[in-house]
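Q: One structure follows; several queries about it will come next.
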Amino acid sequence: MIEIRQLSTLEELDGALRLQQEVWGFADLEALPLRWFVVTSRIGGQVLGAYDGGCMVAFCAAIPGIKPGGKPYWHSHMLAVLPGYRNRGLGAQMKFRQRDDALARGIDLIEWTFDPLELKNAHFNMERLGAIARRYVENQYGITASPLHGGLPTDRLIAEWRLVGRSFRAAAGLPPGATAERISFPADIARIRAGDPPRAREIQRVNGEKFRDAFARGLAVTHFERTAAEGIYVLEPLP
């Protein structure tokens with residue numbers, strides 16, 4: 001059985017630090033230090049750990065933020081799962097526990113960034129959680145040493161997850177006769193990024209321009225579709 005609990009002691013938080021390094025392989029200067037986890041856990045943020053017996057196999061961390069106008073929210077900065085525990089629903093368990101803890105503290109909005117090239121993650125965010133995206137940030141974290149980033153700029157979409165009331169997706173819709181816009185990536189973009197970084201960068205650049213143009217026109221990513229050949233972001237207008 002996997003146990004998910006809030007982390008608070010230095011020993012527990014150090015476990016999250018070490019798991020971060022194991023999953024992402026950051027250079028030492030790029031990794032979040034122990035004091036970041038400590039402060040996050042003390043100032044109204046959240047650090048959750050998932051344990052299989054006495055071994056931490058996943059963690060997620062969120063920091064408090066304030067929107068213009070004073071609305072509080074959480075920015076979910078990291079979710080890491082060891083390779084042997086992926087594709088078993090653990091990521092979803094962590095996010096739903098994060099949601100429950102946020103609601104218990106009066107937080108009804110969680111945001112996070114994600115790589116548009118990570119198609120499985122996009123499907124999880126849009127279809128499993130029901131988040132939307134309407135902001136695109138170029139090279140959010142700079143080019144890192146992590147092999148997961150493949151030496152590409154860290155371009156990111158920002159997911160918005162409304163926890164209560166009418167969802168962002170429910171608010172979206174098309175005028176009569178209109179069709180949704182689509183932005184597609186090759187289904188094997190992970191292989192392309194590993195084996196042909198210049199081609200992956202060109203796909204990233206072209207689709208980044210498409211996202212920014214669509215968002216400037218009031219569209220938002222509301223769904224994600226998968227075929228054998230493509231991963232497809234579906235965009236609709238938000239009121």
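A short reminder: the numbers here are calculations on the coordinates, not readings from a lab. Here the structure is a predicted model, which is why all the values come from computation and not from measurement. As a convention, Cβ positions derive from the backbone with ideal geometry for all residues, glycine included, and neighbour counts pool all protein chains shown.
Q: If you wrap a convex hull around the C-alpha atoms of the stretch 28-160 and split its volume per residue, what is the figure in Å³?
A: In the stretch 28-160, the Cα convex hull volume per residue is 135 Å³.
Q: Quick one: Debye curve from the C-alpha atoms of the chain, no solvent, what's log10 I(q)/I(0) at q = 0.08 Å⁻¹?
A: Evaluating at q = 0.08 Å⁻¹ gives log10 I(q)/I(0) of -0.31.
Q: Restricting the calculation to Cα positions, tell me the Rg (one decimal) and the Dmax (whole number) of the stretch 1-79 in Å.
A: 13.2, 44
Q: By a straight-distance test (C-alpha under 26 Å), which lysines pair with Lys71 as possible cross-link partners, with residues fewer than eight away in the same chain excluded?
A: Lys95
Q: Hey, what D do you get for the stretch 42-87 in µm²/s if you plug the Kirkwood alpha-carbon radius into Stokes-Einstein at 10 °C and 1.306 mPa s?
A: D = 131 µm²/s.
Q: Mind checking the dipole of the stretch 92-177: about its Cα centre, +1 per Lys or Arg Cβ, -1 per Asp or Glu Cβ, Debye to the nearest 20?
A: 300
Q: Test of understanding: what is the full-extension gain from Arg105 to Arg217, defined as 0.36 nm times their sequence separation minus their Cα-Cα distance?
A: My answer for the length gained is 36.9 nm.
Q: Share of Cα-Cα pairs in the stretch 125-211 beyond 19 Å, in percent?
A: I get 52 percent for the Cα pairs in the stretch 125-211 exceeding 19 Å.
Q: Quick one: in the stretch 106-171, what % of C-alpha pairs are over 16 Å apart?
A: 50
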